[in-house]
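Comments concern the structure below.
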Amino acid sequence: MIFHIMTLFPEQFEAFKQTSIIGRAAQSDLIKLNTIQIRDFSLDKHKKVDDAPFGGGAGMVMTVQPLKDALRSIVVEENHLKRVIYLSPRGETLTHDKVIELSTYDELILVCGHYEGVDQRFIDSYVDEELSIGDYVLTGGELAAMVVVDSVSRLVSEVLKNSDSSEEESFAMGLLEYPHYTRPTDYEGKLVPEVLLSGNHAKINDWRLEQALRITKERRPDLYETYIKGDHSKKVREIIKKVL
Ligand code: ADE
């Protein structure tokens, strides 16, 4: 999967591109991260990329020309399905389902705004959708773009590794995750739950599901209600009954 990131601050992506799972996925060509400096495309002699808003008001607005030319410079491979996304608090909120949907594209073009935002005419003419990572306002779209790349790449890498670890995870199942423990078994008198040391995998799975249900019921009753209304095996229904 190829991510093209249009930004005024490509340096923000340097550590991100090289670190941990994203770094490894990029190294092994599962994903490709291509940052594009929007300023390089400004035709202004001072490489200006923004201007004052018509109608007045605070801040500056990113102009159409550098954005449009930066976008045009991106070469999408033949037969590749691409989507142009503008990161903005006005967009649809990113969820696990949305991440799955985005993972079906071959190339994502992520446009990071700054200052007060971008000229609406760029959005109207070139953007397929606006995407928000939550109900708060960031100083720019870069962190939001990293969230999109990170969450989508995780799915892409897991799928290609044929691993079930993302499948098992909370949002994939519709529940929050059960608690995790590692060594030591006794940390300042706080013990690891006995069942996890038992080696009985069926029991461990039941315990984990019960914990996931309890924590979801408490913290995200909306997810809990949806989950318990779903179709489940007899075993799962028994565990749900314990938590009800
Ligand atoms: N840019 C500024 N705030 C944002 C948000 N919440 N989500 C995505 N992009 C943003």
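The values are calculated or read from the model by the stated rules, or taken from the named source; none is laboratory data. Here the structure is a predicted model, which means the values were calculated and not measured. When we count neighbours, we look across all protein chains shown, and the Cβ atoms used for this are built from the backbone with ideal geometry, even at glycine.
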Problem set entry | E107 vs. criteria without any contact (Cβ under 8 Å) to a residue 12 or more places away in the chain and more than 15 Å from the ligand (Cβ to nearest atom) | no
For this session: Just give me the residues in the range 112-121 being more than 15 Å from the ligand (Cβ to nearest atom) and of a type in the set (G, A, S), in sequence order.
Result: none
Exercise. With respect to the numbered conditions (1) away from the ligand (no atom under 16 Å from the Cβ); (2) crowded, with 17+ Cβ neighbours inside 10 Å; (3) among the hydrophobic types (A, V, I, L, M, F, W, C); (4) at pLDDT 95 or above, which one is the sole condition not fulfilled by L197?
Worked result: (2)
Problem set entry | Of residues in the range 122-139 being closer than 20 Å to L67 by Cβ and of a type in the set (D, E), the one nearest to the ligand (Cβ to nearest atom) | E130
Problem set entry | Filter pass, E194 being over 30 Å from Q27 (Cα atoms) and over 26 Å from the mean Cα position of the chain (by Cα) | yes
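One line per residue, one yes/no per condition, for (1) buried (at least 16 other Cβ atoms within 10 Å of the Cβ); (2) within 30 Å of E116 (Cα to Cα); (3) not hydroxyl-bearing (S, T, Y):
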position: M6; (1), (2), (3): yes, yes, yes
position: E11; (1), (2), (3): no, yes, yes
position: K17; (1), (2), (3): yes, yes, yes
position: S28; (1), (2), (3): no, no, no
position: I36; (1), (2), (3): yes, yes, yes
position: S42; (1), (2), (3): yes, yes, no
position: H46; (1), (2), (3): no, yes, yes
Problem set entry | R90 over 15 Å from the mean Cα position of the chain (by Cα) and within 14 Å of the ligand (Cβ to nearest atom) | yes
Exercise. Of all residues in the range 49-73, which are of a type outside the set (F, W, Y) and in a loop (DSSP other than H, G, I, E, B)?
Worked result: V49, A52, P53, G55, G56, G57, A58, G59, M60, T63
